[in-house]
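**Student:** This is the structure I want to talk about, given as structure tokens.
The values are calculated or read from the model by the stated rules, or taken from the named source; none is laboratory data. In this text, all values refer to a predicted model and were calculated from it rather than measured experimentally. Please note: Cβ atoms are built from the backbone with ideal geometry, for glycine as well, and neighbour counts cover all protein chains shown. Note: accessible area is taken over every heavy atom of the protein model, side chains too, but ligands, DNA and RNA are not part of it. Shrake-Rupley method; radii C 1.70, N 1.55, O 1.52, S 1.80 Å.
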Amino acid sequence: MTKQPIDYALYLVTASYDYSEAHFLQIIREACDAGVTVVQLREKTASTRDFYELALKVKAITEEYGIPLIINDRLDICLAVDAQGLHIGDEELPVAVCRKLLGPDKILGVSAKTLARAQEAQAEGADYLGVGAMYPTKTKETPITAFATLEAIIQGVHVPVVAIGGVKEANVMDFQRVPIHGLCMVSEIMQADNVTGKVRRLRQKILDLPGLQ
Ligand code: TZP
């Protein structure tokens with residue numbers, strides 16, 4: 001399988017909250033059906049075996065819709081389920097090591113909060129960068145990234161950049177003039193009362209952004 005170009009526009013990052021597995025998988029299915037363009041499976045507390053089994057189930061759904069699946073943090077699980085890619089932060093293996101172990105055909109995403117980190121990650125083999133949190137968020141304890149930093153990163157690298165952290169339907173328009181490749185959301189989609197309606201509206205709003213790359 002060679003590396004496919006990815007449409008990052010509406011990037012769903014999962015959280016399982018206290019949902020049953022069936023409910024969690026149903027949300028992912030609805031989100032895929034309604035138009036998310038990438039799914040990242042993010043499981044911070046699952047055992048290796050549970051993460052692996054869940055990843056296989058999520059991959060069966062994303063494959064049905066032809067949507068790429070990215071695995072958060074766990075290179076072993078990315079390889080074990082043959083997902084399209086891996087997303088890492090500062091606490092995982094170094095970017096260059098992940099790139100070497102993944103080979104050239106897997107997508108490698110890296111979280112970056114500064115231009116220096118973004119450029120370093122790009123040089124070491126990142127395919128895209130995730131920047132944030134752009135707004136306060138309950139999903140992850142992490143400092144806020146200024147829009148000026150986001151824009152400096154976008155200007156300073158040649159790989160796609162996506163924004164994350166507190167992104168919601170209500171603030172999508174803040175990205176109007178930012179030449180961004182996509183917006184990532186956890187709670188806005190995973191906790192929506194009506195996932196289909198939420199994803200459809202988000203998709204329309206994001207695709208209408210004049211700056212979208
Ligand atoms: N990385 C930076 S902020 C964040 C992650 C995983 C959490 C985003 O969650 P939400 O619910 O979309 O604010």
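**Student:** Which of the numbered conditions does residue 82 fail, given that it passes all the others? Conditions: (1) at positive phi; (2) without any contact (Cβ under 8 Å) to a residue 24 or more places away in the chain.
**Tutor:** Every condition holds for residue 82 apart from (2).
**Student:** Out of the range 181-213, which residues are open to solvent by less than 20 Å² (accessible area, probe 1.4 Å), under 20 Å from residue 112 (Cβ atoms) and either out of contact with any strand residue (DSSP E or B) (no Cβ under 6 Å at 6 or more places or on another chain) or away from the ligand (no atom under 15 Å from the Cβ) (or both)?
**Tutor:** Hits for the range 181-213 are 185, 211.
**Student:** Looking for something surrounded by 21 or more Cβ atoms within 10 Å (Cβ to Cβ) and within 11 Å of the ligand (Cβ to nearest atom) - is there at least one such residue anywhere in the range 74-87?
**Tutor:** Our first condition is that a residue be surrounded by 21 or more Cβ atoms within 10 Å (Cβ to Cβ); within the range 74-87, this holds for 74, 77-78, 81, 83-87.
Those left that are additionally within 11 Å of the ligand (Cβ to nearest atom): 87.
Yes, the range 74-87 contains at least one residue that is surrounded by 21 or more Cβ atoms within 10 Å (Cβ to Cβ) and within 11 Å of the ligand (Cβ to nearest atom).
Residue by residue, here is whether (1) of a type outside the set (A, V, I, L, M); (2) farther than 19 Å from residue 35 by Cβ; (3) touching a Ser or Thr at 6+ places or on another chain (Cβ under 7 Å) holds:
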| position | (1), (2), (3) |
| --- | --- |
| 54 | no, yes, no |
| 57 | yes, yes, no |
| 63 | yes, no, no |
| 69 | no, no, yes |
| 74 | yes, yes, no |
| 79 | no, yes, no |
| 82 | yes, yes, no |
| 87 | yes, yes, no |
| 92 | yes, yes, no |
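**Student:** Cβ-Cβ distance below 6 Å, separation of 6 or more or different chains: which pairs start in the range 113-137 with a residue that is aliphatic (A, V, I, L, M) and end on one that is within 16 Å of the ligand (Cβ to nearest atom) and open to solvent by 60 Å² or more (accessible area, probe 1.4 Å)?
**Tutor:** 133/144
**Student:** More than 20 Å from residue 160 (Cβ to Cβ), more than 16 Å from the ligand (Cβ to nearest atom) and of a type outside the set (S, T, N, Q) - does that describe any residue in the range 89-96?
**Tutor:** The answer is yes; a qualifying residue exists.
**Student:** For the range 113-124, which residues satisfy the criterion of being surrounded by 18 or more Cβ atoms within 10 Å (Cβ to Cβ) and outside any helix (DSSP H, G or I)?
**Tutor:** Passing the criteria: only 113.
**Student:** Restricting to the range 144-179, and then to whatever is more than 10 Å from the ligand (Cβ to nearest atom), at pLDDT 95 or above and open to solvent by 70 Å² or more (accessible area, probe 1.4 Å), can you tell me which residue is nearest to residue 109 (Cα to Cα)?
**Tutor:** Selected residue: 158.
**Student:** Any residue in the range 40-53 that is touching a residue at least 12 places away in the same chain (Cβ under 8 Å) sitting within a Cβ distance under 6 Å of a residue that is part of a helix (DSSP H, G or I) and surrounded by 12 or more Cβ atoms within 10 Å (Cβ to Cβ)? List the pairs, counting only those 6 or more apart or interchain.
**Tutor:** Every condition considered, the pairs that remain are 41/55; 41/58; 43/51; 51/77; 52/77; 52/80.
**Student:** Mind listing just one residue for me: the one in the range 10-26 that is open to solvent by less than 10 Å² (accessible area, probe 1.4 Å) and farther than 12 Å from residue 67 by Cα and, of those, nearest to the chain's Cα centre (by Cα)? Before you say what the answer is, go through the steps one by one.
**Tutor:** Initial filter on the range 10-26 (open to solvent by less than 10 Å² (accessible area, probe 1.4 Å)): 10-14, 24.
Those still in the list that are farther than 12 Å from residue 67 by Cα too: 13-14, 24.
Values: 13: 5, 14: 9, 24: 17 Å.
Here the residue is 13.
**Student:** OK, next. Scan the range 162-173 residue by residue and report those that are without any contact (Cβ under 8 Å) to a residue 40 or more places away in the chain and over 15 Å from residue 203 (Cβ atoms). So that I can check it myself, show each step before the final result.
**Tutor:** Start the filter on the range 162-173 by keeping residues that are without any contact (Cβ under 8 Å) to a residue 40 or more places away in the chain, which leaves 163, 165-173.
Scanning the range 162-173 gives 163, 165, 166, 170, 171.
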